[in-house]
Every structure is written in C-alpha cells, then in structure tokens.
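What follows is a set of notes on a single structure, which appears directly below.
We did not get these values from a lab; they are worked out from the coordinates using the rules stated. No experiment lies behind these values; they were computed from the predicted model shown. Cβ placement follows ideal geometry from the backbone for every residue including glycine, while neighbour counts extend to all protein chains displayed.
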Amino acid sequence: KMSKFDRDPSIPHLFSSDNRDFRGSGWSRGHMAPAGNNKHSQAAMNQTFYLTNIVPQDLDNNGNYWNRLEIYCRELTKQYSDVYVISGPLWLPEMEENAENIQEAYSPIRWKHQNDDISEKGDRSSNEKPKKGGWKPPPKKFVKYQVLGKSNVAVPTHLFKIILVEDPSLERPMLGAFVVPNKPIQNVRLREFEVDLEEIEKYVGVRFHQDLDRSQVASLCLDTGCKLNDYREFQDFFWNRSMSNPWNMHQLERDWKTICERGLKTEKLEQVYLTKKQEFLDKQKEAKEDEKVVKAAGVEAITTSLRQPVVQGSGDTQSVESSATKSEQPAVQLAAAA
C-alpha cells in the first residue's frame, strides 16, 4: 500500500519515462511483474512500481483479462513447486486495411496457422509469368502505435506471457506461451491467444529458457486446460470493487454505463451503484449547506465590523470615550431635575 509509481533509480533520466507521461492519456500503468506476486517484502513490492516494469495498458485489459491471467499463474503455484513466468510488451505489424483483409487484420492472433511465405507458383523471382487472376501481391503490413507524453512512451499493440511449470510429480515440464492484444477482451478462452514460443522469440529477439529441452516439454493448456476464473463471477467481483471505491461521481456513472452496455447488470451491482450515488449526492448537499453557512458567517462578520468605531491609538480612544460621556450628561441632568 505504501508503494508508488516512480522512476527506476538505476536508469538515467534521459532514458526514463515519467508519471506525467501517463496523465490524461487514457492508458493505465500496467505491471509486467505483478505487484500481487511480490507481497513478501516491501522492497520487492516497491520495485514492481518502477516505471521500467510498467507499460501503457488498456484500462479494461489491465483490470480484467490480464488480471485473470495473473491470477491463473498464482493458482498454478499452489499446485506445482516451480512456476516461471515471463511477461513483456510487443509491437506487432498489422495488415493494410482494405475491403479484402479488414476482417483478418482484426481477428485473434493465430500465428502458428499463418504462413507469410509466397508459394513457388507465386514467386516473383521465377521466370514464369503468373496466370491471370493467379498470383497477388501480399497485403502491406505496418507497425503502428501511439506514444505518450514528452518521453514518447510507446504503447504496445500486444502483451506476451510465457509460463513454464516444473514439479517432481510431472513426467516432464509444461510450457505455455500467449500473446494478448492490448485492448478490452471479454469472455475469450486463453487458448485463443496461445502461440508457439518461437513466434514470441522472433519478435522479442531473445531466446527464452535456453537450457530447456523443448522436445521433452508438455503443453500447459493440454494438461491444465488453461481455464481462467469464470468471466461473469470475475466481472461481478471487479465492478463491485471498482464502484465501491469510486474517485468521483463521474467515474461511478461511467462504470455503471459500461456495466449496463456489457449486459453485466445485477441486483447486487445496482445496489452498490445506488448506495454510492446517494453518498455523493449527500456529500454535495452537505457541501452546499456548509458553503451557505460560511457565506452567512462572512456577511455577519463584515456587518459587525462596520458597526464598530474605528479606533486609532489611545488618544482617539479617549476622545471617543469623552464624547460619549458628554453626550450622556444632559440625560443625567434631566433625571436629577425630575
């Protein structure tokens, strides 16, 4: 709870991002090494909040699908002795958008079923001329991403997670590699984002688990099912937590609108929404009443100060008192005559 997002002290400022880069961007600060995995010490927790461990992540993705994936990894540690998790950002190419490939460009990533190689019949290096209506040039691909703030923090298009599980009870280690788009994801099976480890290595430029004999590795999803927490139950938990501690009325109304649009509305969530909304309305009413009291007190103070004579020094005080005494003398004389 004491941890705060901050620069990594080991990185020169010239090459570091800053919290100001994220402000007003609409992107959350997403942990790669989860804070929830480092509760064993305050020092470890603090390190997960260094901006070197943070990437711009879609807010819904961060709190929902990616969060469920992190929980899945923690559940594995309760069943197996050793669980190694590697996470990171990716900037992947997308195909040119046109009428023919717009659907494919935004479909789930399935690299292991793709083949970018041009067949021999369509090889332009061949002397054979392509038949009419035969060979077509491949669609153009681009790497496009947003950058944030003065530091130009690059927003990844995807995030990857590599999970290796070892345990004496297993005949061989289990391995799973996943690439998740950096956008809102609802009820999608984790296996939809499973890829070959080599595909991630190709884009990252790093060989992972080099000492691992990959011919003797089992599929994590085949053995465990790769089942994340129930989507509806997690959504109920997530939105209940979000609406129970809203920053302001605007966030509360925005969350409730999202819940209704996604068909996640329940009696329990509606009750939380109505209760928090009433609390904000009561606070606004109290604030207005307090403002009226302050204004009234201010007016009364000004009126009182105007009624009091202006006193400047002891001489002036004596003159005021003497004049008041003289004005009272006729009244005393009349009383004595009577």
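How far, in nm, would the chain grow between Lys78 and Lys136 when pulled straight, counting 0.36 nm per residue and subtracting the alpha carbon separation? Don't jump to the answer; show the numbers that get you there.
Details: separation 58, 0.36 × 58 = 20.88 nm, distance 5.21 nm.
Residue separation times 0.36 nm, minus the Cα-Cα distance, leaves 15.7 nm.
Shown is the FRET efficiency for Val204 and Gln146, computed with R0 = 30 Å from the Cβ-Cβ distance and rounded to the nearest 0.05: 0.90. Residue separation of Arg254 and Glu171 scaled by 0.36 nm, minus their Cα-Cα distance, works out to 24.9 nm of gained length.
Set the bar at 27 Å for Cα to Cα. Now go through Lys140/Lys183; Lys257/Lys283; Lys141/Lys227; Lys141/Lys202 and name every pair that lies beyond it. Going by Cα-Cα distance, Lys141/Lys227 fall outside the 27 Å limit.
Net length available on complete extension from Arg189 to Asp8 is 61.7 nm, with 0.36 nm assigned per residue and the Cα-Cα distance removed. Classify the range 137-220 from the C-alpha gyration tensor, please: rounded if a/c falls under 1.5, else prolate or oblate depending on whether a/b exceeds b/c. Because a/c hits 1.5 or more and a/b exceeds b/c, the range 137-220 counts as prolate. With an a/c value of 1.5 or above and a/b not larger than b/c for the gyration tensor axes a ≥ b ≥ c computed over the alpha-carbon atoms, the range 126-268 is described as oblate. Listed peptides 295-305, 47-57 appear in the order 47-57, 295-305 once ranked by packing, highest mean of other Cβ atoms within 10 Å at the front. Note on Arg241 and Met95: their simple-model spin labels are 3.8 nm apart, each label 7 Å out from Cα toward Cβ.
Rank-order 17-23, 183-189 by packing density, defined as the average count of other C-beta atoms within 10 Å over each peptide's residues, highest first. Write down the numbers at each step before the final one.
Values: 17-23: 16.7, 183-189: 13.7.
Result, highest mean first: 17-23, 183-189.
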